[in-house]
């Protein structure tokens, strides 16, 4: 009976300890591992607010034709670089060709008329000097010559105009750039003012995004922002060039423009994500290299009284160097970074504070 009572008493004590949440910490023995640590602290992290926009050139030219006609063919494709004067597109110029031929025939006829009038004038002038014709008759021939010359000048002007119209059939690049958009396909009907192609200068780029009016008040020209192009896996720091103060009355947003530096490797038409430094927030963060992941769980190794403690944490925003810690870690705790291979919970360590704190 006493033995049974002692067993029950021991089990009750064990259950009481379990209910109170007390447990014996695991402390492993072995050689100490030398590690470096940094303090978990509040950092200024890039804003979680992300805005989207397209990269475009400040020098964008919309190509159109000056005459009506069907698009015969394109000499370029979207994304292709072109040089100044390079053929871009050909528009059917059958009517312009016909008008040019008529003007050319008219000029030829006018040229013949001038030559005949010049011969008549020379003959009548000789006869007048011989007193064989009157001065009035000579003046009539002079007027005929002047009229023939005027008709030739008109025919020459018509030919030049027809030649200009004919040249509109083959559209050339006005400047060097990149073809960023084709508005039509071969066979489409083009008419004056209708866009056919867009050519942009890749050396003078910007990105414009719409920002909520109340948030745009925190942004000013000269501040920095992060522009990320997912298709290239590239993020660059760029300046804000302008904030358009007049908000859109429908969306209650303002336009913010950012300048893309030359040589960035970005191109017109690419899709970009923008985060503004002015909208950054203070939050507890640790270096990205301090995170230890197992499956879908994330943790950090903390140096605590000479031992390693694995803390499972909930992470928030992830940056290239720092990650936000939402829970599971307190400010001031020393996080091991970098993580030595094979480091485990409870392992003895000799911790040294890092001389340089990693900044976002």
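Can you go through 55, 7 and tell me which one is out of contact with any helix residue (DSSP H, G or I) (no Cβ under 9 Å at 6 or more places or on another chain) and at pLDDT 85 or above?
The match here is 55.
The residues in region 223-239 that are outside any strand (DSSP E or B) and either touching a residue at least 12 places away in the same chain (Cβ under 8 Å) or in contact with a strand residue (DSSP E or B) (Cβ under 9 Å, 6 or more places away or on another chain) (or both) can be counted, and the count is 4. Only a single criterion out of (1) part of a loop (DSSP other than H, G, I, E, B); (2) loosely packed, with under 14 Cβ neighbours inside 10 Å; (3) in contact with a strand residue (DSSP E or B) (Cβ under 6 Å, 6 or more places away or on another chain); (4) modelled with pLDDT of 85 or more is not satisfied by residue 48, namely (4).
Could you identify the single residue in 220, 186, 242 that is assigned by TED's automatic domain parsing to the domain that holds residue 77 and either outside any helix (DSSP H, G or I) or farther than 14 Å from residue 55 by Cβ (or both)? Spell out the reasoning first.
Numbers: 220 fails: assigned by TED's automatic domain parsing to the domain that holds residue 77; 242 fails: assigned by TED's automatic domain parsing to the domain that holds residue 77.
Criteria check complete, one pass: 186.
Residue 338 meets each of the listed conditions (1) at pLDDT 90 or above; (2) buried (at least 16 other Cβ atoms within 10 Å of the Cβ); (3) over 22 Å from residue 48 (Cβ atoms) apart from (2). Is it the case that some residue within region 74-88 is farther than 20 Å from residue 182 by Cα, touching a strand residue (DSSP E or B) at 6+ places or on another chain (Cβ under 8 Å) and either loosely packed, with under 15 Cβ neighbours inside 10 Å or in contact (Cβ under 8 Å) with a residue 12 or more places away in the chain (or both)? No, region 74-88 contains no residue that is farther than 20 Å from residue 182 by Cα, touching a strand residue (DSSP E or B) at 6+ places or on another chain (Cβ under 8 Å) and either loosely packed, with under 15 Cβ neighbours inside 10 Å or in contact (Cβ under 8 Å) with a residue 12 or more places away in the chain (or both).
The values are calculated or read from the model by the stated rules, or taken from the named source; none is laboratory data. Keep in mind that this is a model prediction, so the values were computed, not measured. Glycine also receives a Cβ, built like all others from the backbone with ideal geometry; neighbour counts cover every protein chain displayed.
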